[in-house]
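Beneath this line is the structure, given in C-alpha coordinates, with notes to follow.
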Amino acid sequence: MKNIKSFASTFMLILLASFVLNAQNNFSEFSGQVIDGKTKKAFDAASLSVNATNISTITNSEGEFLLKVPNQYLDSKVVVNLLGYNTYVVPVSELTKEGNILKLYESVTELSEVSLSAYKNAESLINKVFNEKNQHEPGASVYMTAFYRETIKRRNRNVSLTEAVVNILKQSNTSQVRDIIQLGKARKRTDYKRLDTVSVKLQGGPFSAIFLDVMKYPEYIFTKETIPSYKFSFSQPTTINNKKVYVVNFVPKNQALNYSYIGKLYIDSESLALVSANYNLDLSNKARSKNLLVKRKPSSIEVHPLQASYKVNYKEKDGRWYYSYSNLFLKFKVNKKRELFNKVYSLNSEMAVTNWEVNTEGKKIRGRDRLSPSVIITDAISGFSDPNFWGEYNLIEPDKSIESAIQKIQRNFKKQQQKENKSENGNP
(Lines give C-alpha, C1' and ligand atoms only; values in the text may rest on other atoms or scores of the structure.)
Protein backbone atom coordinates (compact mmCIF):
# COMPACT_ATOMS: atom_id res chain seq x y z
CA MET A 1 0.00 0.00 0.00
CA LYS A 2 2.87 2.29 0.85
CA ASN A 3 4.43 1.60 -2.56
CA ILE A 4 1.12 2.39 -4.27
CA LYS A 5 0.89 5.74 -2.44
CA SER A 6 4.50 6.49 -3.26
CA PHE A 7 3.91 5.65 -6.92
CA ALA A 8 0.78 7.80 -6.98
CA SER A 9 2.62 10.75 -5.41
CA THR A 10 5.49 10.38 -7.86
CA PHE A 11 3.05 10.14 -10.78
CA MET A 12 1.29 13.33 -9.64
CA LEU A 13 4.62 15.14 -9.36
CA ILE A 14 5.52 14.03 -12.88
CA LEU A 15 2.15 15.26 -14.14
CA LEU A 16 2.61 18.58 -12.34
CA ALA A 17 6.13 19.01 -13.69
CA SER A 18 4.88 18.16 -17.17
CA PHE A 19 2.05 20.68 -16.85
CA VAL A 20 4.42 23.44 -15.70
CA LEU A 21 6.78 22.64 -18.56
CA ASN A 22 3.98 22.79 -21.10
CA ALA A 23 2.72 26.06 -19.60
CA GLN A 24 6.18 27.54 -19.95
CA ASN A 25 6.33 26.40 -23.58
CA ASN A 26 3.06 28.08 -24.52
CA PHE A 27 4.83 31.36 -25.25
CA SER A 28 8.18 32.70 -26.43
CA GLU A 29 10.06 35.67 -24.99
CA PHE A 30 11.82 38.35 -27.01
CA SER A 31 13.81 41.20 -25.47
CA GLY A 32 15.76 44.16 -26.77
CA GLN A 33 15.72 47.94 -27.07
CA VAL A 34 13.90 50.56 -29.16
CA ILE A 35 16.11 53.47 -30.22
CA ASP A 36 16.22 56.48 -32.55
CA GLY A 37 17.73 55.30 -35.82
CA LYS A 38 19.82 58.47 -36.16
CA THR A 39 20.74 59.63 -32.67
CA LYS A 40 20.70 56.16 -31.01
CA LYS A 41 18.65 57.68 -28.17
CA ALA A 42 16.62 55.08 -26.24
CA PHE A 43 12.84 55.55 -26.30
CA ASP A 44 10.69 55.09 -23.22
CA ALA A 45 6.98 54.21 -23.54
CA ALA A 46 7.32 53.00 -27.13
CA SER A 47 4.52 50.54 -27.86
CA LEU A 48 5.10 47.02 -29.19
CA SER A 49 2.02 45.09 -30.33
CA VAL A 50 1.52 41.66 -31.87
CA ASN A 51 -0.33 42.22 -35.15
CA ALA A 52 -3.94 40.96 -35.37
CA THR A 53 -4.08 40.54 -31.57
CA ASN A 54 -4.51 42.84 -28.58
CA ILE A 55 -1.25 41.65 -26.99
CA SER A 56 1.21 44.45 -26.31
CA THR A 57 3.87 45.90 -24.04
CA ILE A 58 5.87 49.10 -23.77
CA THR A 59 9.53 49.99 -23.31
CA ASN A 60 10.91 51.11 -19.95
CA SER A 61 12.78 54.36 -19.23
CA GLU A 62 15.91 52.92 -20.89
CA GLY A 63 14.10 51.83 -24.05
CA GLU A 64 14.22 48.14 -23.10
CA PHE A 65 11.38 45.71 -23.68
CA LEU A 66 10.37 42.14 -22.95
CA LEU A 67 7.57 40.81 -25.15
CA LYS A 68 5.93 37.43 -24.52
CA VAL A 69 4.26 36.05 -27.66
CA PRO A 70 1.96 33.00 -27.49
CA ASN A 71 3.36 30.30 -29.76
CA GLN A 72 0.26 30.35 -31.94
CA TYR A 73 1.24 33.85 -33.08
CA LEU A 74 4.90 33.21 -33.89
CA ASP A 75 4.13 33.64 -37.61
CA SER A 76 2.71 37.12 -36.92
CA LYS A 77 4.42 40.53 -36.88
CA VAL A 78 5.38 43.00 -34.16
CA VAL A 79 4.29 46.61 -34.72
CA VAL A 80 6.34 49.32 -32.96
CA ASN A 81 4.77 52.77 -32.50
CA LEU A 82 5.88 56.04 -30.93
CA LEU A 83 4.35 59.48 -31.27
CA GLY A 84 6.27 61.50 -33.87
CA TYR A 85 7.99 58.50 -35.46
CA ASN A 86 7.25 56.24 -38.42
CA THR A 87 5.75 52.86 -37.54
CA TYR A 88 8.19 49.94 -37.64
CA VAL A 89 7.01 46.42 -38.43
CA VAL A 90 9.11 43.29 -37.98
CA PRO A 91 8.11 39.61 -38.35
CA VAL A 92 8.32 37.70 -35.07
CA SER A 93 10.37 35.08 -36.92
CA GLU A 94 13.13 37.66 -37.46
CA LEU A 95 13.48 38.47 -33.75
CA THR A 96 16.08 36.77 -31.62
CA LYS A 97 15.46 35.78 -28.02
CA GLU A 98 17.43 38.78 -26.76
CA GLY A 99 19.53 41.70 -27.94
CA ASN A 100 17.08 42.98 -30.58
CA ILE A 101 17.71 46.61 -31.57
CA LEU A 102 14.62 48.15 -33.18
CA LYS A 103 15.19 51.54 -34.83
CA LEU A 104 12.55 54.22 -35.31
CA TYR A 105 12.92 57.25 -37.56
CA GLU A 106 11.31 60.63 -37.04
CA SER A 107 8.33 61.52 -39.19
CA VAL A 108 8.24 65.11 -40.46
CA THR A 109 4.77 66.59 -40.96
CA GLU A 110 4.30 69.99 -42.55
CA LEU A 111 1.63 72.23 -41.04
CA SER A 112 0.15 72.85 -44.49
CA GLU A 113 -0.53 69.11 -44.88
CA VAL A 114 -3.00 69.17 -42.03
CA SER A 115 -5.92 71.48 -42.60
CA LEU A 116 -6.90 73.63 -39.63
CA SER A 117 -9.40 75.74 -41.55
CA ALA A 118 -12.35 73.84 -40.09
CA TYR A 119 -11.60 75.22 -36.63
CA LYS A 120 -11.89 78.80 -35.59
CA ASN A 121 -9.18 78.27 -33.00
CA ALA A 122 -7.56 75.53 -30.93
CA GLU A 123 -10.15 75.86 -28.17
CA SER A 124 -12.99 75.07 -30.58
CA LEU A 125 -11.16 71.87 -31.55
CA ILE A 126 -10.76 70.85 -27.89
CA ASN A 127 -14.46 71.48 -27.25
CA LYS A 128 -15.30 69.25 -30.21
CA VAL A 129 -12.97 66.49 -28.99
CA PHE A 130 -14.58 66.33 -25.54
CA ASN A 131 -18.14 66.88 -26.78
CA GLU A 132 -17.85 64.01 -29.26
CA LYS A 133 -15.55 61.71 -27.26
CA ASN A 134 -18.17 58.97 -26.98
CA GLN A 135 -18.22 58.48 -30.77
CA HIS A 136 -14.76 56.89 -30.76
CA GLU A 137 -15.01 54.49 -27.83
CA PRO A 138 -16.11 50.83 -28.00
CA GLY A 139 -19.59 51.60 -26.65
CA ALA A 140 -19.38 48.65 -24.29
CA SER A 141 -17.27 47.57 -21.36
CA VAL A 142 -13.80 46.17 -22.12
CA TYR A 143 -12.06 43.45 -20.11
CA MET A 144 -8.36 44.30 -19.82
CA THR A 145 -5.22 42.74 -18.39
CA ALA A 146 -2.62 45.30 -17.32
CA PHE A 147 0.74 45.49 -15.60
CA TYR A 148 1.15 48.07 -12.83
CA ARG A 149 4.40 49.25 -11.25
CA GLU A 150 4.87 51.79 -8.46
CA THR A 151 8.29 52.93 -7.24
CA ILE A 152 9.18 55.32 -4.43
CA LYS A 153 12.66 56.79 -4.19
CA ARG A 154 14.39 58.82 -1.52
CA ARG A 155 16.76 60.96 -3.55
CA ASN A 156 18.07 58.42 -6.09
CA ARG A 157 17.66 55.28 -3.97
CA ASN A 158 14.70 52.93 -4.34
CA VAL A 159 12.90 52.52 -1.01
CA SER A 160 9.68 50.88 -2.16
CA LEU A 161 8.74 48.76 -5.16
CA THR A 162 5.27 47.44 -5.99
CA GLU A 163 4.39 45.37 -9.06
CA ALA A 164 1.06 43.82 -9.97
CA VAL A 165 -0.93 42.23 -12.75
CA VAL A 166 -4.52 43.42 -12.62
CA ASN A 167 -7.77 42.74 -14.43
CA ILE A 168 -9.73 45.85 -15.34
CA LEU A 169 -13.40 45.97 -16.25
CA LYS A 170 -13.17 49.22 -18.22
CA GLN A 171 -16.56 50.86 -18.38
CA SER A 172 -17.92 52.80 -21.33
CA ASN A 173 -17.41 56.57 -21.26
CA THR A 174 -21.18 56.94 -21.38
CA SER A 175 -21.60 54.85 -18.23
CA GLN A 176 -21.79 56.49 -14.82
CA VAL A 177 -20.20 53.35 -13.34
CA ARG A 178 -16.50 53.69 -12.57
CA ASP A 179 -13.92 51.21 -13.73
CA ILE A 180 -13.54 48.05 -11.66
CA ILE A 181 -10.11 46.58 -10.88
CA GLN A 182 -9.24 43.11 -9.60
CA LEU A 183 -5.78 42.26 -8.25
CA GLY A 184 -4.27 39.25 -9.98
CA LYS A 185 -0.68 38.71 -8.89
CA ALA A 186 1.33 41.21 -6.88
CA ARG A 187 4.58 41.65 -5.01
CA LYS A 188 5.86 44.53 -2.92
CA ARG A 189 8.89 45.39 -0.82
CA THR A 190 9.43 48.55 1.25
CA ASP A 191 12.51 49.64 3.17
CA TYR A 192 10.72 51.39 6.03
CA LYS A 193 14.01 52.46 7.60
CA ARG A 194 14.52 54.84 4.69
CA LEU A 195 11.01 56.20 4.99
CA ASP A 196 11.81 57.49 8.46
CA THR A 197 10.66 61.06 7.87
CA VAL A 198 7.21 60.39 6.49
CA SER A 199 5.22 57.38 5.41
CA VAL A 200 4.97 57.87 1.66
CA LYS A 201 2.08 55.91 0.21
CA LEU A 202 0.25 56.27 -3.07
CA GLN A 203 -3.36 55.73 -2.15
CA GLY A 204 -5.36 53.90 -4.78
CA GLY A 205 -2.57 51.82 -6.30
CA PRO A 206 -3.69 50.99 -9.88
CA PHE A 207 -6.57 53.47 -9.57
CA SER A 208 -4.02 56.30 -9.48
CA ALA A 209 -3.09 55.28 -13.03
CA ILE A 210 -6.57 54.51 -14.39
CA PHE A 211 -7.96 57.88 -13.24
CA LEU A 212 -5.57 59.55 -15.71
CA ASP A 213 -7.88 58.38 -18.50
CA VAL A 214 -9.20 61.85 -19.28
CA MET A 215 -11.78 60.49 -21.73
CA LYS A 216 -13.45 58.50 -18.94
CA TYR A 217 -12.65 60.97 -16.14
CA PRO A 218 -12.58 64.46 -17.72
CA GLU A 219 -13.61 65.99 -14.39
CA TYR A 220 -9.99 65.75 -13.22
CA ILE A 221 -8.79 68.20 -15.87
CA PHE A 222 -11.18 69.35 -18.66
CA THR A 223 -14.88 70.05 -18.29
CA LYS A 224 -17.23 72.57 -19.91
CA GLU A 225 -16.60 74.80 -16.90
CA THR A 226 -12.79 74.51 -16.83
CA ILE A 227 -11.93 74.58 -20.56
CA PRO A 228 -12.51 78.38 -20.81
CA SER A 229 -9.90 78.84 -18.05
CA TYR A 230 -7.15 77.62 -20.40
CA LYS A 231 -5.43 79.18 -23.38
CA PHE A 232 -5.07 76.72 -26.27
CA SER A 233 -2.77 77.04 -29.27
CA PHE A 234 -1.73 74.86 -32.20
CA SER A 235 1.79 73.49 -32.42
CA GLN A 236 3.60 71.64 -35.21
CA PRO A 237 1.54 68.52 -36.07
CA THR A 238 3.05 65.07 -35.77
CA THR A 239 2.18 61.43 -36.56
CA ILE A 240 1.37 58.16 -34.81
CA ASN A 241 0.90 54.83 -36.58
CA ASN A 242 1.45 56.71 -39.87
CA LYS A 243 -1.56 58.95 -39.19
CA LYS A 244 -1.43 62.74 -38.89
CA VAL A 245 -2.01 64.17 -35.42
CA TYR A 246 -2.88 67.69 -34.26
CA VAL A 247 -0.78 69.01 -31.39
CA VAL A 248 -2.48 71.49 -29.06
CA ASN A 249 -0.66 73.33 -26.27
CA PHE A 250 -2.56 74.50 -23.20
CA VAL A 251 -1.70 76.80 -20.28
CA PRO A 252 -3.91 78.36 -17.57
CA LYS A 253 -5.16 81.87 -18.27
CA ASN A 254 -5.13 82.84 -14.61
CA GLN A 255 -5.17 81.41 -11.07
CA ALA A 256 -8.94 80.92 -11.03
CA LEU A 257 -8.77 77.11 -10.72
CA ASN A 258 -7.69 75.32 -7.58
CA TYR A 259 -5.70 72.93 -9.77
CA SER A 260 -4.43 73.92 -13.19
CA TYR A 261 -2.17 72.22 -15.70
CA ILE A 262 0.29 72.96 -18.50
CA GLY A 263 0.81 70.52 -21.34
CA LYS A 264 -0.04 69.12 -24.77
CA LEU A 265 -2.91 67.19 -26.29
CA TYR A 266 -2.41 64.97 -29.34
CA ILE A 267 -5.51 64.50 -31.51
CA ASP A 268 -6.04 62.22 -34.49
CA SER A 269 -6.74 64.55 -37.44
CA GLU A 270 -9.33 62.23 -39.03
CA SER A 271 -11.42 60.94 -36.16
CA LEU A 272 -10.64 63.76 -33.69
CA ALA A 273 -10.02 61.12 -31.03
CA LEU A 274 -7.48 61.85 -28.31
CA VAL A 275 -4.27 59.95 -29.01
CA SER A 276 -2.24 61.13 -26.03
CA ALA A 277 -2.13 63.75 -23.27
CA ASN A 278 1.09 64.88 -21.61
CA TYR A 279 0.85 67.53 -18.90
CA ASN A 280 2.17 68.91 -15.60
CA LEU A 281 0.52 70.41 -12.54
CA ASP A 282 1.12 74.16 -12.42
CA LEU A 283 3.35 74.72 -9.38
CA SER A 284 4.38 78.30 -10.18
CA ASN A 285 2.69 79.64 -7.05
CA LYS A 286 4.79 78.02 -4.29
CA ALA A 287 2.73 79.34 -1.41
CA ARG A 288 -0.45 77.98 -2.93
CA SER A 289 1.03 74.62 -3.90
CA LYS A 290 2.43 73.83 -0.43
CA ASN A 291 0.94 70.53 0.83
CA LEU A 292 -1.10 70.38 -2.38
CA LEU A 293 -0.47 66.70 -3.09
CA VAL A 294 -0.84 65.54 0.51
CA LYS A 295 -3.99 63.97 1.83
CA ARG A 296 -2.85 63.46 5.43
CA LYS A 297 0.30 64.47 7.34
CA PRO A 298 1.55 65.38 10.83
CA SER A 299 1.39 69.07 11.74
CA SER A 300 5.18 69.12 12.16
CA ILE A 301 5.75 68.37 8.47
CA GLU A 302 5.53 70.58 5.39
CA VAL A 303 5.45 69.08 1.92
CA HIS A 304 6.51 71.13 -1.10
CA PRO A 305 5.78 69.56 -4.51
CA LEU A 306 8.66 69.97 -6.96
CA GLN A 307 7.10 68.20 -9.94
CA ALA A 308 3.84 66.50 -10.83
CA SER A 309 3.74 65.01 -14.34
CA TYR A 310 1.02 62.97 -16.02
CA LYS A 311 0.72 61.03 -19.26
CA VAL A 312 -1.99 58.91 -20.88
CA ASN A 313 -1.96 57.09 -24.24
CA TYR A 314 -4.71 55.52 -26.33
CA LYS A 315 -4.67 52.90 -29.09
CA GLU A 316 -6.95 52.55 -32.09
CA LYS A 317 -8.39 49.33 -33.48
CA ASP A 318 -11.12 49.05 -36.10
CA GLY A 319 -11.99 52.73 -35.71
CA ARG A 320 -12.36 52.56 -31.91
CA TRP A 321 -9.97 54.00 -29.35
CA TYR A 322 -8.96 52.26 -26.13
CA TYR A 323 -7.07 53.27 -23.00
CA SER A 324 -3.55 51.87 -23.35
CA TYR A 325 -1.03 53.37 -20.91
CA SER A 326 -0.69 56.01 -18.21
CA ASN A 327 2.09 57.35 -16.04
CA LEU A 328 2.15 59.52 -12.92
CA PHE A 329 5.37 61.05 -11.58
CA LEU A 330 5.50 63.07 -8.34
CA LYS A 331 8.54 64.65 -6.74
CA PHE A 332 8.36 66.51 -3.45
CA LYS A 333 10.46 67.92 -0.64
CA VAL A 334 9.63 67.14 2.97
CA ASN A 335 10.55 69.59 5.72
CA LYS A 336 10.25 68.53 9.33
CA LYS A 337 10.50 70.84 12.30
CA ARG A 338 13.74 70.65 14.28
CA GLU A 339 15.50 68.77 11.48
CA LEU A 340 18.38 70.51 9.75
CA PHE A 341 18.09 68.81 6.36
CA ASN A 342 15.01 68.22 4.23
CA LYS A 343 14.37 65.00 2.35
CA VAL A 344 13.35 64.63 -1.28
CA TYR A 345 11.10 61.79 -2.41
CA SER A 346 9.84 60.82 -5.83
CA LEU A 347 6.99 58.51 -6.67
CA ASN A 348 6.37 56.95 -10.08
CA SER A 349 3.24 54.98 -10.93
CA GLU A 350 2.58 53.49 -14.38
CA MET A 351 0.20 51.01 -15.91
CA ALA A 352 0.27 49.37 -19.35
CA VAL A 353 -2.57 47.36 -20.86
CA THR A 354 -1.06 44.12 -22.17
CA ASN A 355 -4.21 42.41 -23.48
CA TRP A 356 -7.90 43.19 -23.81
CA GLU A 357 -11.21 42.14 -25.31
CA VAL A 358 -14.57 43.83 -25.75
CA ASN A 359 -16.75 42.36 -23.03
CA THR A 360 -19.32 40.69 -25.27
CA GLU A 361 -19.59 37.72 -22.89
CA GLY A 362 -20.58 39.93 -19.96
CA LYS A 363 -17.62 39.13 -17.73
CA LYS A 364 -17.94 40.48 -14.21
CA ILE A 365 -15.68 41.01 -11.23
CA ARG A 366 -17.32 39.94 -7.99
CA GLY A 367 -17.71 42.54 -5.26
CA ARG A 368 -15.40 40.72 -2.86
CA ASP A 369 -12.65 40.59 -5.53
CA ARG A 370 -12.75 44.31 -6.34
CA LEU A 371 -9.98 46.65 -5.27
CA SER A 372 -10.99 49.79 -3.42
CA PRO A 373 -9.86 53.16 -4.84
CA SER A 374 -8.28 53.77 -1.42
CA VAL A 375 -6.31 50.51 -1.43
CA ILE A 376 -2.64 50.35 -0.47
CA ILE A 377 -1.13 47.05 -1.62
CA THR A 378 0.41 45.25 1.35
CA ASP A 379 3.94 43.80 1.48
CA ALA A 380 4.59 40.36 -0.02
CA ILE A 381 8.28 39.79 -0.69
CA SER A 382 8.27 36.16 -1.80
CA GLY A 383 7.63 36.95 -5.44
CA PHE A 384 10.95 38.73 -5.84
CA SER A 385 12.86 35.48 -5.31
CA ASP A 386 11.05 33.72 -8.17
CA PRO A 387 12.41 34.52 -11.67
CA ASN A 388 9.28 32.97 -13.24
CA PHE A 389 6.86 34.85 -10.98
CA TRP A 390 4.97 36.54 -13.85
CA GLY A 391 4.75 33.48 -16.11
CA GLU A 392 3.12 34.32 -19.44
CA TYR A 393 2.03 37.83 -18.41
CA ASN A 394 3.59 40.71 -20.32
CA LEU A 395 5.14 43.40 -18.18
CA ILE A 396 7.21 46.56 -18.34
CA GLU A 397 10.85 45.52 -18.33
CA PRO A 398 12.52 46.89 -15.13
CA ASP A 399 15.16 49.58 -15.64
CA LYS A 400 18.62 49.28 -14.13
CA SER A 401 17.80 50.93 -10.79
CA ILE A 402 14.78 48.66 -10.31
CA GLU A 403 16.84 45.61 -11.29
CA SER A 404 19.37 46.58 -8.61
CA ALA A 405 16.56 46.97 -6.07
CA ILE A 406 15.16 43.53 -6.99
CA GLN A 407 18.62 41.95 -6.69
CA LYS A 408 18.99 43.50 -3.23
CA ILE A 409 15.56 42.21 -2.25
CA GLN A 410 16.53 38.74 -3.46
CA ARG A 411 19.74 38.81 -1.38
CA ASN A 412 17.82 39.93 1.71
CA PHE A 413 15.23 37.21 1.09
CA LYS A 414 17.94 34.53 0.90
CA LYS A 415 19.50 35.80 4.15
CA GLN A 416 16.08 35.70 5.80
CA GLN A 417 15.54 32.11 4.60
CA GLN A 418 18.98 31.08 5.90
CA LYS A 419 18.18 32.54 9.34
CA GLU A 420 14.84 30.72 9.41
CA ASN A 421 16.51 27.45 8.41
CA LYS A 422 19.11 27.84 11.18
CA SER A 423 16.36 28.49 13.73
CA GLU A 424 14.45 25.39 12.60
CA ASN A 425 17.60 23.29 12.96
CA GLY A 426 18.19 24.62 16.47
CA ASN A 427 21.20 26.74 15.55
CA PRO A 428 21.52 30.25 17.03
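The values are calculated or read from the model by the stated rules, or taken from the named source; none is laboratory data. What you are looking at is a predicted structure, and each value in this text was computed from that prediction instead of being measured. Because the Cβ atoms are built from the backbone with ideal geometry, glycine has one as well, and the counts that use them run over all protein chains shown. The protein model used for the area step is the full one, side chains on, heavy atoms only, and it has no ligands, DNA or RNA in it. Shrake-Rupley method; radii C 1.70, N 1.55, O 1.52, S 1.80 Å.
Figures for the structure shown
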{"read-out": "So E270, is it closer than 29 Å to N86 by Cα and out of contact with any helix residue (DSSP H, G or I) (no Cβ under 9 Å at 6 or more places or on another chain)", "value": "yes"}
{"read-out": "Test: residue in the stretch 64-77 that is aromatic (F, W, Y) and either in contact (Cβ under 8 Å) with a residue 60 or more places away in the chain or touching a His at 6+ places or on another chain (Cβ under 7 Å) (or both)", "value": "yes"}
{"read-out": "Residue in the stretch 154-172 that is at pLDDT below 90, in a strand (DSSP E or B) and open to solvent by less than 20 Å² (accessible area, probe 1.4 Å) present", "value": "yes"}
{"read-out": "Of all residues in the stretch 327-359 being at pLDDT below 90 and outside any strand (DSSP E or B), the one that is most open to solvent (accessible area, probe 1.4 Å)", "value": "R338"}
{"read-out": "Cβ-Cβ under 9 Å pairs, at least 6 apart or on other chains, the stretch 34-61 side of a type in the set (F, W, Y), far side open to solvent by 10 Å² or more (accessible area, probe 1.4 Å)", "value": "F43/Q33; F43/I35; F43/D36; F43/L82; F43/Y85"}
{"read-out": "Test for G367: is it closer than 25 Å to D318 by Cβ, surrounded by fewer than 14 Cβ atoms within 10 Å (Cβ to Cβ) and either free of Cβ contacts under 8 Å to residues at least 12 places away in the same chain or of a type in the set (A, V, I, L, M) (or both)", "value": "no"}
{"read-out": "Top-ranked residue of the stretch 369-424 - restricted to ones that are of a type in the set (D, E, K, R) and assigned to a loop (DSSP other than H, G, I, E, B), ranked as farthest from F65 (Cα to Cα)", "value": "D379"}
{"read-out": "Qualifying residue in the stretch 185-200 (condition: buried (at least 16 other Cβ atoms within 10 Å of the Cβ) and at pLDDT 95 or above)", "value": "no"}
{"read-out": "Residue selected from the stretch 314-326 under the condition out of contact with any Leu (no Cβ under 8 Å at 6 or more places or on another chain) and not hydroxyl-bearing (S, T, Y), by the criterion most open to solvent (accessible area, probe 1.4 Å)", "value": "D318"}
{"read-out": "Selected residue (criterion: nearest to L183 (Cα to Cα)) from residues of the stretch 370-381 that are surrounded by 11 or more Cβ atoms within 10 Å (Cβ to Cβ) and of a type outside the set (A, V, I, L, M)", "value": "R370"}
{"read-out": "Some residue of the stretch 128-151 being assigned to a strand (DSSP E or B), open to solvent by 40 Å² or more (accessible area, probe 1.4 Å) and among the aliphatic types (A, V, I, L, M)", "value": "no"}
